[in-house]
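The values are calculated or read from the model by the stated rules, or taken from the named source; none is laboratory data. All figures in this text were calculated on a predicted structure; none of them were measured in a lab. Here the Cβ positions follow ideal geometry from the backbone for every residue, glycine too, while neighbour counts run over all protein chains shown. Keep in mind that these areas ignore ligands, DNA and RNA; they rest on the heavy atoms of the full protein, side chains included. Shrake-Rupley method; radii C 1.70, N 1.55, O 1.52, S 1.80 Å.
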Amino acid sequence: MTERTISVMVVDDHPMWRDGVARDLAENGFEVTATAPDAPAAIRIARAVRPDVVLMDLNLGTTSGVDATREITAASPDTRVLVLSASGEHSDVLEAVKAGASGYLVKSASSAELVDAVRRTADGDPVFTAGLAGLVLGEYRRMADAPEGAPEPPRLTDRETDVLRLVAKGLTARQIAERLVLSHRTVENHVQSTLRKLQLHNRVELARYAIEHGLDED
């Protein structure tokens, strides 16, 4: 059985870079359904073509990739945004994740790293350039003090909790399947069920929830 083709949209305000990345992805088997030079075009086109992954630059001339990310993920939760930016500034990373980005790569990443990151993002995995994942998780820990009188969280099954713990530890769906001796599809079903119960949109938010509730600790 052949794997499904992953559809990708590339958003960058530099035509040569945008076209080069699109060409590289196409040569590696992705379906590049669209490109866009700025946030308004990205939002409009993403709503029309609904790609699996949007590869998003943050600095789009006079417009913001963070704003585009927020609008796209709100309008189409099934579309995942992977930021590809020249900036590795911590504030940029956190702002992008809070806007709904599933991952963050700096533009110094190799072609092989980019291809792998797009595939993993399409699978629902949070993907970050080395060092940035710890930053994001650290920020979530800082925000983890729940306010008094917080409502009781939805009840999860034991297996959903097992999967959630491993998501918080950064394991991919395939690694979780191997660890728990489950099929990849079963793990995905547990993840989707947990997302629905917790009213979350992606695995980054799921990892944050698990950390806030101490589920990432042994």
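Of note:
- Failed criterion for E27 (all others in (1) open to solvent by 60 Å² or more (accessible area, probe 1.4 Å); (2) under 17 Å from D67 (Cα atoms); (3) acidic (D, E) hold): (2)
For (1) within 22 Å of P15 (Cα to Cα); (2) surrounded by fewer than 16 Cβ atoms within 10 Å (Cβ to Cβ), each residue gets a yes or a no:
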residue: L55; (1), (2): yes, no
residue: L60; (1), (2): yes, no
residue: G65; (1), (2): yes, no
residue: R70; (1), (2): no, no
residue: A74; (1), (2): no, yes
residue: T79; (1), (2): no, no
residue: V83; (1), (2): yes, no
residue: A96; (1), (2): no, no
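- A Cβ distance below 6 Å, combined with a sequence gap of six or more or placement on separate chains, defines the contacts here; from region 47-71, residues that are farther than 14 Å from D92 by Cα reach residues that are hydroxyl-bearing (S, T, Y) and open to solvent by 40 Å² or more (accessible area, probe 1.4 Å) in the pairs V49/T33; P51/T33.
- In region 4-17, residue nearest to K107 (Cα to Cα) [restricted to those that are under 20 Å from the mean Cα position of the chain (by Cα) and free of Cβ contacts under 8 Å to residues at least 40 places away in the same chain]: T5
- Qualifying residue in region 30-39 (condition: touching a strand residue (DSSP E or B) at 6+ places or on another chain (Cβ under 7 Å), part of a helix (DSSP H, G or I) and more than 21 Å from D116 (Cα to Cα)): yes
- If the condition is being more than 14 Å from R80 (Cβ to Cβ) and part of a helix (DSSP H, G or I), then region 173-187 contributes R174, Q175, I176, A177, E178, R179, L180, H184, R185, T186, V187.
- The set of residues in region 169-211 being more than 18 Å from R119 (Cα to Cα), open to solvent by less than 60 Å² (accessible area, probe 1.4 Å) and among the charged types (D, E, K, R) consists of E205 alone.
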